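Below: one structure, written as structure tokens.
The values are calculated or read from the model by the stated rules, or taken from the named source; none is laboratory data. None of the values given here were measured: they were computed from a predicted structure. Please note: Cβ atoms are built from the backbone with ideal geometry, for glycine as well, and neighbour counts cover all protein chains shown. Heads up: the accessible areas ignore ligands, DNA and RNA and are worked out on the full protein's heavy atoms, side chains in. Shrake-Rupley method; radii C 1.70, N 1.55, O 1.52, S 1.80 Å.
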Amino acid sequence: IEIYSLHVDSKVTSRFAHTVITSKIVNRANESKEATFEVELPKTAFITNFSMSIDGKVYPGVIKEKASAQREYDTAVSHGQSAGLVRITDRKLEQFHVSVSIAAASKVTFELAYEELLKRQLGKLELLVKVRPKQLVKHFQIDVHIFEPQGISFLETDSTFMTNELTEALTKVQNDTKAHILFKPTVDQQKVNPELDETLLNGDFVVRYDVKREATAGDIQIVNGYFVHYFAPREMPAFPKNVIFVIDRSGSMAGWKMEQTRDALLKVVRDLRPEDHFSFITFNSRVVEWKNVLLQATPENVESAARFVQALLASGGTDINHALLTAVRVLDGAEGLPERSVSMIILLTDGQPTSGENDVEVIQENIQKAINGKYALFCLGFGFDVSYKFLEKMALSNGGIARRIYENADAALQLQGFYQEVATPILMRIEMEYPENGVEGLTKNNYKLLFEGSEIIVSGKISNELDLFPVEIKAQSHASNLTLKEEANVKEKEQVFQNQSYIFGNFIERLWAYLTIQQLLEKSVSAQEEDQKSLEAQALELSLRFSFVTPLTSMVVTKPAGQQQMEMANKPTEAG
């Protein structure tokens, strides 16, 4: 079985990436063989299309509501359950895997398309392509086209498998608003060494870039009546922050997890700014406070905290409820904090609550009542024994986010990376306002916090025939209350994309649908049951209308007669 062509084609238009992976395979044997298509795609992406063409006959994937797809599948496959075509493989990726039997000398073309909105983190937008053909490929090519009307401020490529020979196969062409990256290694360039038919191509191929920003109320883009508004202010002073780290030191954290946690916390505590206030709470079945107050991050306090962190040992049970309520009490009773400052709690745990209150729903209620919208709660789940659903619901109900820390070699870097994303709050209580009767289907437009290096994205449909589209942003910065205003000329904005040949015309509408589905699903995590049903119904309707494989839809893949006829591709989620 030979993969004679593998082409990855990514078109990024105004942060929205549409990627198509095409693999062409021939059976060179004189008997039937299994041809496999196995690719990894970012977890944040939604699959939109898949097809197999075998000797000219096309077998398309069909996207349906998950429950009805499952019924259809169960009827067709009475014997044995297949494992499904998609599974999570690591913290950033999931794998799509399908095999089909093809006759001697037959050819099959697999094609998978997916879409994602690139998320700005630490001042960069990142497009990740996973490369793992497992054999030398005659025609191998990665094509990335970027069009950013705001202008591209910097662009870099990075890869885990580059050699000097392979660098020669990489070309970058760039002007103010466009870039084209082409990676096209010959078979010889792909080889580990000239004697062996072994490929070097195994790992990540990453494109990172950022856009130019004027110091205004962000950037508005409009296509076919849909708008997207990007907002990431430049050079804003940071708010001082008051942060309590709540660290699990139960028995299951012993050994390597605790080592990684100590390494990360030592760096994090030394990264605190002098105007920040902080404290540590550690817990097993007992809750221990480093100090029962928040202290300013002076060099002496930081070193004292570092000694405390270095001495952390793990044993015993897990009382998450008491630990978090203690953190809230310390913040509630804090005195002498900077008037304009941001308070947050960062919880790190690797397990289920086993001591004190163990009912996760009661814990969620207790914490939400205690925090009462005053502080942001971020929950980090270490490994796979945590109830991620519980942590995610608790974080999202309290203005924060949850993240799973994968137990691999870079766990300490994952912890630090997460902290860096939330370390520099620059705006709070951000309200993005649009003409009252002029917008339909508006995505989330008020945010508690904006961190340095990220950006706010709002999208919607401009309803009536507006010629001018005014926007107003209200927010609090460290120094003052801000009001920023901007007015977009609808016709001029529409013109920007008219002459761009390779752009799929309704991309802002698809971006709007992608963002709306993500936000509906996120909202449903912390919603009451009846609201949950209505949020999921809206997300399902959009998933089907725009053909996205989301946690509410499935793609049914039918194969030629005589093989296991039907398989299903579902979207896995971090909460499982």
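Being of a type in the set (D, E, K, R), touching a strand residue (DSSP E or B) at 6+ places or on another chain (Cβ under 6 Å) and modelled with pLDDT of 90 or more is the requirement here; does Glu530 meet it? Criteria not met by Glu530. Might you check whether a residue that is within 18 Å of Arg120 (Cβ to Cβ) and either more than 23 Å from the chain's Cα centre (by Cα) or loosely packed, with under 15 Cβ neighbours inside 10 Å (or both) occurs anywhere in segment 466-487? Among the residues of segment 466-487, at least one is within 18 Å of Arg120 (Cβ to Cβ) and either more than 23 Å from the chain's Cα centre (by Cα) or loosely packed, with under 15 Cβ neighbours inside 10 Å (or both), which makes the answer yes. What are the residues in segment 387-436 that are touching an Asp or Glu at 6+ places or on another chain (Cβ under 9 Å) and in a strand (DSSP E or B), if any? Listed by number, the residues that qualify are Ala402, Arg403, Arg404, Ile405, Pro425, Ile426, Glu431, Met432, Glu433. Quick check, is Lys369 without any contact (Cβ under 8 Å) to a residue 12 or more places away in the chain and of a type in the set (D, E, K, R)? Yes.
Can you find a residue that is in the same structural domain as Ser23 (by the TED database), acidic (Asp, Glu), assigned to a loop (DSSP other than H, G, I, E, B) and within 30 Å of Ser543 (Cβ to Cβ) anywhere in segment 190-200? Checked segment 190-200: no residue is in the same structural domain as Ser23 (by the TED database), acidic (Asp, Glu), assigned to a loop (DSSP other than H, G, I, E, B) and within 30 Å of Ser543 (Cβ to Cβ). For the condition touching a residue at least 60 places away in the same chain (Cβ under 8 Å) and not in a helix (DSSP H, G or I), Ala475 does not qualify. Run Ser250 past the list (1) closer than 30 Å to Gly453 by Cα; (2) surrounded by 21 or more Cβ atoms within 10 Å (Cβ to Cβ) and report the number of the one that doesn't hold. For Ser250, the exception is condition (1).
Counting the residues of segment 201-225 that are of a type in the set (A, V, I, L, M), open to solvent by 40 Å² or more (accessible area, probe 1.4 Å) and either free of Cβ contacts under 8 Å to residues at least 12 places away in the same chain or assigned to a strand (DSSP E or B) (or both) gives 0.
Step by step: first the residues of segment 445-458, then only those that are part of a strand (DSSP E or B) and not charged (D, E, K, R), then the one that is farthest from the chain's Cα centre (by Cα). Which residue is that?
Step by step, filter segment 445-458, then rank; the result is Asn446.
Selection of segment 302-327 for residues being buried (at least 22 other Cβ atoms within 10 Å of the Cβ) and aliphatic (A, V, I, L, M) yields Ala305, Ile320, Ala323, Leu324, Ala327. List the number of the failed condition for Lys374; all other conditions in (1) touching a residue at least 40 places away in the same chain (Cβ under 8 Å); (2) out of contact with any helix residue (DSSP H, G or I) (no Cβ under 8 Å at 6 or more places or on another chain); (3) surrounded by fewer than 16 Cβ atoms within 10 Å (Cβ to Cβ) hold. For Lys374, the exception is condition (2).
Scan segment 162-189 residue by residue and report those that are open to solvent by 40 Å² or more (accessible area, probe 1.4 Å) and either within 23 Å of His229 (Cβ to Cβ) or not assigned by the TED database to the domain that holds Arg15 (or both). Those that are open to solvent by 40 Å² or more (accessible area, probe 1.4 Å) and either within 23 Å of His229 (Cβ to Cβ) or not assigned by the TED database to the domain that holds Arg15 (or both): Asp176, Lys178. If you check Leu442 against the conditions, is it in a loop (DSSP other than H, G, I, E, B), under 18 Å from Tyr514 (Cβ atoms), over 18 Å from the mean Cα position of the chain (by Cα) and of a type outside the set (Ser, Thr, Tyr)? Against the criterion (in a loop (DSSP other than H, G, I, E, B), under 18 Å from Tyr514 (Cβ atoms), over 18 Å from the mean Cα position of the chain (by Cα) and of a type outside the set (Ser, Thr, Tyr)), Leu442 qualifies. Listed by first and then second residue, the pairs linking a residue in segment 543-570 that is farther than 29 Å from Leu520 by Cβ to a residue that is among the charged types (D, E, K, R), with Cβ atoms under 6 Å apart and 6 or more places separating them unless they lie on different chains, are Gln565/Lys559. Please state which of the following conditions Thr13 fails to meet, knowing it meets all the rest: (1) free of Cβ contacts under 8 Å to residues at least 12 places away in the same chain; (2) of a type in the set (S, T, N, Q); (3) in contact with a helix residue (DSSP H, G or I) (Cβ under 7 Å, 6 or more places away or on another chain). So Thr13 meets the others, but not (1).
Is it the case that Val228 is modelled with pLDDT of 95 or more, among the hydrophobic types (A, V, I, L, M, F, W, C) and either touching a helix residue (DSSP H, G or I) at 6+ places or on another chain (Cβ under 6 Å) or open to solvent by 10 Å² or more (accessible area, probe 1.4 Å) (or both)? Yes; evaluated as a whole, the condition is true for this residue.
Rundown of residues vs (1) among the aliphatic types (A, V, I, L, M); (2) open to solvent by less than 20 Å² (accessible area, probe 1.4 Å); (3) without any contact (Cβ under 8 Å) to a residue 12 or more places away in the chain; (4) in contact with a Lys or Arg (Cβ under 7 Å, 6 or more places away or on another chain), yes/no style:
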| site | (1), (2), (3), (4) |
| --- | --- |
| Arg28 | no, no, no, no |
| Ser53 | no, no, no, no |
| Thr89 | no, no, no, no |
| Ala105 | yes, no, no, no |
| Phe110 | no, yes, no, no |
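Just give me the residues in segment 342-359 being surrounded by 18 or more Cβ atoms within 10 Å (Cβ to Cβ) and outside any strand (DSSP E or B), in sequence order. Asp350, Gly351, Pro353, Ser355, Gly356, listed by residue number.
Residue pairs whose Cβ atoms lie under 9 Å apart, separated by 6 or more positions or on different chains, with the first residue in segment 346-365 and hydroxyl-bearing (Ser, Thr, Tyr) and the second surrounded by fewer than 16 Cβ atoms within 10 Å (Cβ to Cβ), are Thr354/Ser285; Ser355/Ser285; Ser355/Arg286.
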